[in-house]
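Quick notes on the structure that follows.
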Amino acid sequence: MKELIITSLLGISILALDIVKLRKAILPVIILGLLGTITSCILDWGHNENPFNNNMLLFDNYALGFIVILSAVTLVWFLISTDHFSGSESRTDLYALVAFSFAGAMILAAYTNMVMLFLGIEILSIPMYVLAASNKKELISNESGFKYFFLGALASSILLFGIALIYGATGSFDLPTIATAITTNGSGTILTAGLLMIIVGFAFKVSIAPFHFWAPDVYQGAPTMVTALMSTLVKGAAFAAMFKLFATAFAPTLDFTQTIFVVMSIITLLASNAMASIQANTKRLLAYSSVSHAAFMLAAVMLANTISPSVLMYYVLVYSVSSIVTFATLYHISKAQNGAEGFDAFKGLVKRNPILAGAMTLALLSMAGIPPLSGFMAKYFIIGAVIQADQIWLAVIMILSSAIGIYYYLKIIMAMFTPIENAGRIVITDLQRILFIILSIAMVALFFVAAFVK
C-alpha cells in the first residue's frame, strides 16, 4: 500500500511545487518518488499485504514485481525525455498526469476485485487521453487525443458492461469468488457474454486485432515521447491486469478462451507485420511493431494456467527497454529534421550521433529477436510455452512474423548506415547519452538474466 501512497502523493507534490514556484525541484522529486517506490517494493517482498482487509488490493510478489518493472520504465522515461516538454508551459501539469497514470498502472498490478480493475484502467487511461493531445499547436496531436479518447471510452464501456454481466452471473466482483462460482455452476449465457465483452474491451486497450486500427493513427499523432509511454507503461500495465484476471477469476474458462486467443494472436501477427512491412513512416511502423508484440504477450495470457508470471514480466521489461530507445531516438532525429519521420531522416545517423545509431540498432534487433539480445529470449520463452501447449500453428506464425520483422527493422538500420553529405550532428545531453549507453548494455545483459526467469 505504501507504493500506491507514494505514487499518489508524487502527483500531488508535482502540482504543489508548481504552485510555490519550485519547478526546478520537480524532476528530483519525481526521481526520489520512483526510487522510493522501488525500494518499498523490495522491502515488502514476500509480505502479501492486503491493505484494506477486504480483498480489493493485494500487494503480493506478482504485484510488486510488475510495480518494480513499471517504476523503472517510468523513471527512465522521465530522465530520457527531460527536454521533450522543456518548452511547454504545461510541463508541470503533464508530468503530474504521468504520475497519476502510473498510479492507475499500480492498481492494475495489485487489484483483486473487478471494481478496482475498472478504476485502475480509468485512472491509467484518462491522463493518457490528455497527454496524446498535449501538443496543442499540432492538429494531428489533437486528432490523436480525440481518437484515443473516443475509442478508449468505447472500450471502457464494453469492459464495464462485461464486468456487470459477470457480476450478474456470479454475484461477486471478487476474483477468487468468481473463479469458484464458475467452477461450481459452469459458464452460462450471461457469463459467456460478459467474458467476451471483457476480452473485447482489453483487446481495444492493448491493440489486439481486429481491434487495433486506432493504434497507428494515435501513435503517429501523439507527441513521440508520449507514444513511448503508451507503448510501455500502458501496454505493460494492461497485460499485467489481463494476466491476473485469467490466472484467477477466469482460470476455469481458459479451455474455452484459448481458441479465441489463438485466433486473435494469429490475426494480430499477420495483420501487424503485413502492414508494418509497407510503411514509410517510422512511427507508424513502430506502432504496428507494438501491435505485433502485443500478440506475444496475449499468448502469455492464454497460457496463464501453465506459464510463470515472470515470463510476462520479462517480456514487458525487455520490450519496454527497446521501445523507449526506439521512440527516444526517433524523437531526437525528428527534432533535428524539422519533424521528418521517414526512413530518409535516419540517413547518416552513424556519423551524426554514433550512440543513438548504436542504441537504435540494438533496440531494433532485440525487437526482431536476434541473439544475443534480450528480445530473443523473451520470444523464445513465449514460443516454447506455445509449443508445449500444442499450439504448433501459432508457434510457426510467431517464428515467421519475427522473420518478417527483421525485414522492416533492417530498413531503418540500413538507412542509419547510409552515408549522407552535409549532415549536421545530432546533439543530446550528457544525461541522455549515459542513459542510451546504459539501455544498450541492458538489452545485452538481460539476455543473460533470462537464465533466472522461471
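The values are calculated or read from the model by the stated rules, or taken from the named source; none is laboratory data. Computed from a predicted model, the values in this text were never measured in an experiment. Cβ coordinates were reconstructed from backbone atoms using ideal geometry, including for glycine residues, and neighbour counts include every protein chain displayed.
Listing for the model above:
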{"read-out": "Qualifying residue in region 372-390 (condition: part of a loop (DSSP other than H, G, I, E, B), acidic (Asp, Glu) and touching a residue at least 40 places away in the same chain (Cβ under 8 Å))", "value": "no"}
{"read-out": "Residue match in region 149-164 (condition: small (Gly, Ala, Ser) and over 22 Å from Ala215 (Cβ atoms))", "value": "yes"}
{"read-out": "Meets criteria (surrounded by 13 or more Cβ atoms within 10 Å (Cβ to Cβ), among the aliphatic types (A, V, I, L, M), out of contact with any strand residue (DSSP E or B) (no Cβ under 6 Å at 6 or more places or on another chain) and under 16 Å from Ile324 (Cβ atoms)) for Met367", "value": "yes"}
{"read-out": "Lone qualifier among Ala103, Ala110, Ala72 - being within 23 Å of Thr429 (Cβ to Cβ) and surrounded by 16 or more Cβ atoms within 10 Å (Cβ to Cβ)", "value": "Ala72"}
{"read-out": "Residue in region 341-356 that is under 21 Å from Ile420 (Cβ atoms), surrounded by fewer than 21 Cβ atoms within 10 Å (Cβ to Cβ), modelled with pLDDT of 90 or more and hydrophobic (A, V, I, L, M, F, W, C) present", "value": "yes"}
{"read-out": "Considering residues of region 403-415 that are within 26 Å of the chain's Cα centre (by Cα) and not β-branched (Val, Ile, Thr) only, the residue farthest from Gly342 (Cα to Cα)", "value": "Ala403"}
{"read-out": "Answer residue from region 422-454, given it is assigned to a loop (DSSP other than H, G, I, E, B) and aliphatic (A, V, I, L, M) and is modelled with the lowest pLDDT among those", "value": "Ala423"}
{"read-out": "Residue under evaluation Gly424, criteria (1) surrounded by 14 or more Cβ atoms within 10 Å (Cβ to Cβ); (2) farther than 25 Å from Val73 by Cβ; (3) touching a residue at least 12 places away in the same chain (Cβ under 8 Å), criterion not met", "value": "(1)"}
{"read-out": "Residue match in region 82-99 (condition: of a type in the set (Val, Ile, Thr), under 29 Å from Thr429 (Cα atoms) and surrounded by 20 or more Cβ atoms within 10 Å (Cβ to Cβ))", "value": "yes"}
{"read-out": "Qualifying helices (runs of 4 or more DSSP H) (wholly inside region 176-262; at least 2 residues being out of contact with any Lys or Arg (no Cβ under 8 Å at 6 or more places or on another chain) and modelled with pLDDT under 90)", "value": "189-206, 224-229"}
{"read-out": "Residue in region 301-313 that is over 19 Å from Ser207 (Cα atoms), outside any helix (DSSP H, G or I) and among the hydroxyl-bearing types (Ser, Thr, Tyr) present", "value": "yes"}
{"read-out": "Ile324 assigned to a helix (DSSP H, G or I) and either in contact with a strand residue (DSSP E or B) (Cβ under 8 Å, 6 or more places away or on another chain) or within 13 Å of Gly236 (Cβ to Cβ) (or both)", "value": "yes"}
{"read-out": "First in region 151-162 and more than 13 Å from Glu122 (Cβ to Cβ), second anywhere and assigned to a helix (DSSP H, G or I) and among the aliphatic types (A, V, I, L, M), Cβ under 6 Å, 6 or more apart", "value": "Ile158/Met197; Ile158/Val200; Phe161/Met197; Gly162/Met197; Gly162/Ile198"}
{"read-out": "Residue match in region 139-154 (condition: more than 21 Å from Val73 (Cβ to Cβ), part of a helix (DSSP H, G or I) and among the charged types (D, E, K, R))", "value": "yes"}
{"read-out": "Residues of region 1-55 satisfying the condition of being surrounded by fewer than 18 Cβ atoms within 10 Å (Cβ to Cβ), among the polar types (S, T, N, Q) and at pLDDT below 85", "value": "Ser8, Asn48, Asn50, Asn53, Asn54, Asn55"}
{"read-out": "Some residue of region 266-284 being of a type outside the set (Ser, Thr, Tyr), in contact with a helix residue (DSSP H, G or I) (Cβ under 7 Å, 6 or more places away or on another chain), closer than 26 Å to Tyr111 by Cβ and part of a helix (DSSP H, G or I)", "value": "no"}
{"read-out": "Matching residues, region 301-358, being without any contact (Cβ under 8 Å) to a residue 24 or more places away in the chain and either touching a His at 6+ places or on another chain (Cβ under 8 Å) or under 21 Å from Gln279 (Cβ atoms) (or both)", "value": "Lys335, Gln337, Asn338, Gly339, Ala340"}
{"read-out": "Test: residue in region 288-310 that is of a type outside the set (S, T, N, Q), at pLDDT 90 or above, surrounded by 24 or more Cβ atoms within 10 Å (Cβ to Cβ) and within 30 Å of Lys137 (Cβ to Cβ)", "value": "yes"}
{"read-out": "Flag if Lys205 is of a type in the set (Lys, Arg) and closer than 19 Å to Ala247 by Cβ", "value": "yes"}
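For (1) among the aromatic types (Phe, Trp, Tyr); (2) buried (at least 19 other Cβ atoms within 10 Å of the Cβ); (3) under 23 Å from the mean Cα position of the chain (by Cα), each residue gets a yes or a no:
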{"position": "Ala169", "(1), (2), (3)": "no, yes, no"}
{"position": "Ile182", "(1), (2), (3)": "no, yes, no"}
{"position": "Asn185", "(1), (2), (3)": "no, no, no"}
{"position": "Thr189", "(1), (2), (3)": "no, no, no"}
{"position": "Pro210", "(1), (2), (3)": "no, no, yes"}
{"position": "Ala215", "(1), (2), (3)": "no, yes, yes"}
